[in-house]
1. Pick out the one residue from B:ALA197, B:ALA213, B:ALA177, B:ALA222 that is within 20 Å of A:ILE247 (Cα to Cα) and either outside the structural domain of B:HIS143 (by TED's automatic domain parsing) or not aromatic (Phe, Trp, Tyr) (or both).
2. Which residues, counting only those in segment B:54-73, are of a type outside the set (S, T, N, Q) and more than 16 Å from DNA strand C (Cβ to nearest atom)?
3. Can you tell me which residues in segment B:103-143 are among the acidic types (Asp, Glu) and under 18 Å from B:ASN215 (Cα atoms)?
4. Give me the residue from segment B:113-131 that is part of a helix (DSSP H, G or I) and touching a residue at least 12 places away in the same chain (Cβ under 8 Å) and, out of that set, nearest to the other protein chains (Cβ to nearest Cβ).
5. Within segment B:113-131, which residues are more than 12 Å from B:THR59 (Cα to Cα) and open to solvent by 20 Å² or more (accessible area, probe 1.4 Å)?
6. I need every pair where a residue in segment A:20-38 that is more than 7 Å from DNA strand C (Cβ to nearest atom) has its Cβ under 7 Å from the Cβ of a residue that is in a loop (DSSP other than H, G, I, E, B) and open to solvent by 80 Å² or more (accessible area, probe 1.4 Å), sequence separation at least 6 or different chains.
7. For the list (1) touching a helix residue (DSSP H, G or I) at 6+ places or on another chain (Cβ under 8 Å); (2) facing another protein chain (nearest Cβ under 10 Å), I need the number of the one condition that A:THR3 fails.
8. Could you list all residues from segment B:1-19 that are among the polar types (S, T, N, Q) and near DNA strand C (Cβ under 6 Å from one of its atoms)?
Number of protein chains: 2
Amino acid sequence: MATLKDVARLAGVSVKTVSNVVNGYSFVKPDNRRRVEEALEATGYRPNLGARNLRRGRTGFIALVLPELSIPYFAELAGLVIAAAQEHEWNVLIEQTFGTLAGERSALASLGPHLVDAAILSPEALQDDDFQLSVPAVLLGEHAVDVPIDRVGIDNVAAAQTAVKHLISLGRTRIAAIGAHPHRGTAALRLEGYRTALEEASLPFVDELVVPALNYHRADGAAAMKSLLDLSTPPDAVFCFNDLLAIGAMRAAAERLVRVPSDLAVVGFDNNEESAYSSPSLTSVAPDKTAIARAAVDLLHRRVEARDDALEDVQTPFSLLVRESTVAR
Amino acid sequence: MATLKDVARLAGVSVKTVSNVVNGYSFVKPDNRRRVEEALEATGYRPNLGARNLRRGRTGFIALVLPELSIPYFAELAGLVIAAAQEHEWNVLIEQTFGTLAGERSALASLGPHLVDAAILSPEALQDDDFQLSVPAVLLGEHAVDVPIDRVGIDNVAAAQTAVKHLISLGRTRIAAIGAHPHRGTAALRLEGYRTALEEASLPFVDELVVPALNYHRADGAAAMKSLLDLSTPPDAVFCFNDLLAIGAMRAAAERLVRVPSDLAVVGFDNNEESAYSSPSLTSVAPDKTAIARAAVDLLHRRVEARDDALEDVQTPFSLLVRESTVAR
DNA sequence: CTCAGTCTTTACATCGTTGGAACAACGATG
DNA sequence: CATCGTTGTTCCAACGATGTAAAGACTGAG
C-alpha cells in the first residue's frame with residue numbers, strides 16, 4: 001500500500017507537498033502539481049484514514065445504536081442513515097443492543113471520541129443518569145428520559161391520534177391498543193394519542209382493551225391479539241404501536257377466523273415495506289424515515305463542526321397510509 | 001479523553017509500563033500493576049483505537065458489502081455478522097451497493113488495507129476481472145464468477161431441488177419458477193435444482209413456467225405471478241427464488257382470488273422472519289444464517305492471522321420449513 | 001541591484017500507541 | 001565479589017498523516 005512518502009519520492013517533492021495536493025490546500029506550482037498527480041495515479045495512493053484521523057483528532061465514524069437489525073424498521077432506517085452519512089464522508093458503525101439495559105449500557109460505554117465522532121441512539125431502557133456521553137449524540141423517537149440531548153422524530157401523540165381517529169371515522173367503537181409499555185416513552189405518547197382520540201369522540205377508555213407488550217415483535221402482537229379475542233366482547237378495531245405487532249395481530253386473527261377488516265380493523269405504525277404486501281395489506285402510520293435519517297445526520301454534523309448549544313428537537317413529518325386492513329378493496 | 005501519558009504520569013511510571021498493563025504483557029511488579037490499575041480506573045482510560053491500529057498495522061474493521069439493508073435477508077445476516085465479528089474484536093462497516101454494477105465497483109474500490117482488515121462480499125453484478133482485492137475476502141452465496149476467493153454458502157442446487165421435490169410430493173405437476181436471472185450465479189443454480197427435480201419426477205420442463213425477475217423484491221414477485229396467472233393453463237405450484245418474491249406472488253394470487261395452497265402451492269427461499277407470519281405462512285428453504293455469518297467471519301479471521309493458501313468453500317446447512325403455503329392447517 | 005512582499009516548498013514535531021533495544025535491579029551462583 | 005540470568009522498566013523509533021514555522025524562490029518596485 002502506497003503512502004505519502006512513496007508518492008513524494010516518485011514525484012521528487014516533499015511529503016508535505018503531496019499532502020497539500022491531496023487536500024487541495026495552499027499554492028502548488030502547476031508543474032509540481034502535475035508531477036504529484038501523476039505519481040498519485042501511478043501508485044494508486046489512498047490515504048490511510050486511521051493516520052489521518054489520528055492527526056486530525058477525528059475518527060471518521062458515527063455510531064448507530066439500535067435494538068436489532070432484524071427489526072425491519074431499524075434495518076430500513078440503518079440503510080438510510082448509511083446513505084446520509086456518506087454525504088458527510090462518515091462511515092457508520094452499527095451496534096445492536098437487543099433492547100436490553102445491559103446491551104444499551106455496554107454500547108454507550110464503548111462509544112467515545114477515540115472510536116466515533118458522534119452517535120445516533122435509539123434506546124429503550126436507559127435511564128437519565130446513563131447518559132454520560134463524551135460525543136455529540138441524537139436521540140431517535142421520544143423517550144422517558146429527560147436529558148439535554150438533541151432529538152429527531154415525529155409527533156407521536158398526533159400520529160397515534162390520527163390513526164385512532166381513522167378507526168373511529170370507520171364507525172368502530174370498541175378500539176383496542178396493543179403495545180403499552182411501562183418504561184418506553186414512545187409507548188406512553190402513543191397511548192396518550194389513543195386516549196385523546198377516544199375522548200374527542202366521547203368513546204370510553206376501557207382498561208381491558210389496552211394490552212401491554214414487553215417486546216414489539218410479531219409474536220408479541222399475536223399473543224396480545226389472542227388475549228383480546230378471548231374477551232367476552234372482543235374489539236372491533238385495534239391500534240398496534242408498530243407494524244410487527246400488527247402483523248402478529250392479523251396472523252392471530254386469521255387463525256381464529258376473524259375477518260380483517262370487516263370483523264376487526266387493524267392499524268399499525270412504522271410502515272415497514274412488508275406491510276404493503278401482507279394479506280390484507282396493513283394500514284399504517286408512515287414516518288418519513290428518509291427525513292429522520294437525514295435530519296439526525298445533519299444535526300450531528302453541525303454539532304461536530306461547531307459546538308453551538310441550542311438544544312434541538314426536530315419534528316419530522318408523517319402520514320397515514322390507508323390500506324386493506326381498515327378499508328376493504 | 002485520557003491517554004496513556006496521562007495514566008503514566010498519575011501512576012508515576014513510564015508510558016510503556018502502562019501499555020504493558022493494558023495489554024496484559026510481560027512482567028510488571030505487583031505494586032506498579034496496582035498503581036497503574038488504579039490510575040486507569042481513575043482516569044477512565046480507553047485506548048485510542050486509531051492509534052493502536054495504526055501502530056499494529058490493522059484497522060479493526062471488516063467490511064460487509066451487500067445490496068441493501070431493507071432486504072430482510074441481508075438485514076438479518078448483517079445483524080449476525082456484527083455479532084460474530086464482535087468476538088474477534090472487529091467492528092463491521094456496512095456498504096450498500098443496491099445491486100448495481102456501479103455500486104458494487106465503488107464499494108470494492110473503497111476497500112483496502114487502510115480502511116478494513118477484510119471484507120465479506122455479496123455481489124450480484126460483478127464480473128471476474130472486477131475482483132482486484134487488496135484485503136482477504138469471502139464471497140457469500142454462489143456466483144457466476146470464477147475467482148480464487150473463499151466462499152461460504154449453502155448448496156443451492158440441492159436446496160432448490162429439495163423445495164421442488166416437496167411440491168412434487170404434494171401431487172403438483174405444473175410447477176412454475178420465479179427468479180431466473182441472466183447473470184446471477186445463485187439464480188442459475190436454483191434453476192438447475194428446479195430442473196433436476198422435475199427430471200427426476202419425469203415432469204416436463206415448460207419454458208413458459210419459468211419467469212425471470214430482474215430484482216428480487218416483493219413487487220417483482222407480484223408482477224411475475226400475475227403473468228403466470230394470465231397463462232391459459234396457470235401453474236398449480238410455484239417455487240420462488242427468495243421469500244420476497246414469494247410474498248409478492250402470494251399477494252398477487254390473493255388479489256386474483258387464487259387460493260393458497262389449494263389452488264396454488266408456494267415455496268420461498270431464505271426463511272425471512274416475516275414468512276412465518278404471513279397469511280398463509282410461507283414454506284421456505286431456510287439457510288442457517290447464523291452458521292453463514294460465523295463461518296464467514298471465522299474464515300476471514302484465519303486469513304488475516306495466518307496467510308494460509310488453500311481456497312475454502314464452506315457449505316453451511318439448510319432445511320425446508322413446511323408451512324401453510326404448501327400444506328394447509 | 002537591492003529589498004520587501006508574495007508565493008512555494010521543506011523540515012520538523014506531533015497525534016496515541018506499541019515493538020525492540022537498552023538499561024537497571026535483583027538474588028543466585030561459582 | 002564478579003558474573004550471570006531473570007525480571008522489570010525506560011527510552012526511542014515508528015506507524016502515516018498534517019500543522020507550523022521557517023527557509024527558499026520569485027516578483028515587481030524603488
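1. Values: B:ALA197 fails: within 20 Å of A:ILE247 (Cα to Cα); B:ALA213 fails: within 20 Å of A:ILE247 (Cα to Cα); B:ALA177 fails: within 20 Å of A:ILE247 (Cα to Cα).
So the residue among B:ALA197, B:ALA213, B:ALA177, B:ALA222 that is within 20 Å of A:ILE247 (Cα to Cα) and either outside the structural domain of B:HIS143 (by TED's automatic domain parsing) or not aromatic (Phe, Trp, Tyr) (or both) is B:ALA222.
2. Here is the first cut: in segment B:54-73, the ones of a type outside the set (S, T, N, Q) are B:54-58, B:60-69, B:71-73.
B:PHE61, B:ILE62, B:ALA63, B:LEU64, B:VAL65, B:LEU66, B:PRO67, B:GLU68, B:LEU69, B:ILE71, B:PRO72, B:TYR73, listed by residue number.
3. First pass over segment B:103-143, keeping only residues among the acidic types (Asp, Glu): B:104, B:117, B:124, B:128-130, B:142.
Answer for segment B:103-143, where residues must be among the acidic types (Asp, Glu) and under 18 Å from B:ASN215 (Cα atoms): B:GLU104, B:GLU124, B:GLU142.
4. Residues of segment B:113-131 that are part of a helix (DSSP H, G or I), as a first pass: B:128-130.
Okay, now just the ones that are also touching a residue at least 12 places away in the same chain (Cβ under 8 Å), so B:128, B:130.
On the way: B:ASP128: 20, B:ASP130: 16 Å.
It comes out as B:ASP130.
5. Correct list: B:GLU124, B:ALA125, B:GLN127, B:ASP128, B:ASP129, B:ASP130, B:PHE131.
6. As it stands, the answer is none, since no pair meets every condition given.
7. Checking A:THR3 against (1) touching a helix residue (DSSP H, G or I) at 6+ places or on another chain (Cβ under 8 Å); (2) facing another protein chain (nearest Cβ under 10 Å), the one that fails is (1).
8. The initial filter retains those residues of segment B:1-19 that are among the polar types (S, T, N, Q), namely B:3, B:14, B:17, B:19.
Listed by number, the residues that qualify are B:THR3, B:SER19.
The values are calculated or read from the model by the stated rules, or taken from the named source; none is laboratory data. Note that the coordinates shown come from a computational prediction; the quantities given were computed from them, not determined experimentally. Every residue, glycine as well, gets a Cβ built from its backbone with ideal geometry; the counts of neighbours run over all protein chains shown. The protein model used for the area step is the full one, side chains on, heavy atoms only, and it has no ligands, DNA or RNA in it. Shrake-Rupley method; radii C 1.70, N 1.55, O 1.52, S 1.80 Å.
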